[in-house]
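**Q** Below you'll find the structure I mean.
The values are calculated or read from the model by the stated rules, or taken from the named source; none is laboratory data. Small disclaimer: the values here were computed from a predicted structure and weren't measured. In this analysis, Cβ positions are derived from the backbone assuming ideal geometry, glycine residues included, and neighbour counts consider all displayed protein chains.
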């Protein structure tokens, strides 16, 4: 259900941030990567999948340096919605595959 390639948008207070997320689930282990606007590729860490709720941690590149993020997503077929916690606050996140 969560496996696949996702196009994700984080609606920050400054501007939307577009990410690509590649996720693989096998034998109840979830791995993946995030690819961002600045051509970075970072691993998804501490991934947890409970039913249709998917959460993880990642460290992404932003114009001001690196930032830790902790999204909590609800997967509904080929779409996702949720929020992402950052040092600047919590922002809505949407996506599709």
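**Q** Keeping to region 32-47, report how many residues are at pLDDT 85 or above, in a strand (DSSP E or B) and surrounded by 15 or more Cβ atoms within 10 Å (Cβ to Cβ).
**A** Counting residues in region 32-47 that are at pLDDT 85 or above, in a strand (DSSP E or B) and surrounded by 15 or more Cβ atoms within 10 Å (Cβ to Cβ) gives 6.
**Q** So residue 89 ticks every box in (1) farther than 19 Å from residue 2 by Cα; (2) modelled with pLDDT under 90 but one. Which box is left unticked?
**A** Among (1) farther than 19 Å from residue 2 by Cα; (2) modelled with pLDDT under 90, residue 89 violates only (2).
**Q** Inside region 12-23, can you point out the residues that are under 13 Å from the mean Cα position of the chain (by Cα) and either at pLDDT below 85 or exposed (fewer than 14 other Cβ atoms within 10 Å of the Cβ) (or both)?
**A** Once the filter is applied, which keeps residues that are under 13 Å from the mean Cα position of the chain (by Cα) and either at pLDDT below 85 or exposed (fewer than 14 other Cβ atoms within 10 Å of the Cβ) (or both), region 12-23 yields only 18.
**Q** Checking residue 64 against (1) within 18 Å of residue 11 (Cα to Cα); (2) in contact with a strand residue (DSSP E or B) (Cβ under 8 Å, 6 or more places away or on another chain); (3) loosely packed, with under 13 Cβ neighbours inside 10 Å: exactly one of these is not met. Which one?
**A** (2)
**Q** While we're on this one: Of the conditions (1) under 17 Å from residue 85 (Cβ atoms); (2) free of Cβ contacts under 8 Å to residues at least 40 places away in the same chain; (3) in a strand (DSSP E or B), residue 21 satisfies every one except a single condition; which number is it?
**A** (2)
**Q** For region 1-15, which positions are farther than 26 Å from residue 87 by Cβ and assigned to a loop (DSSP other than H, G, I, E, B)?
**A** Matches in region 1-15: 1, 3.
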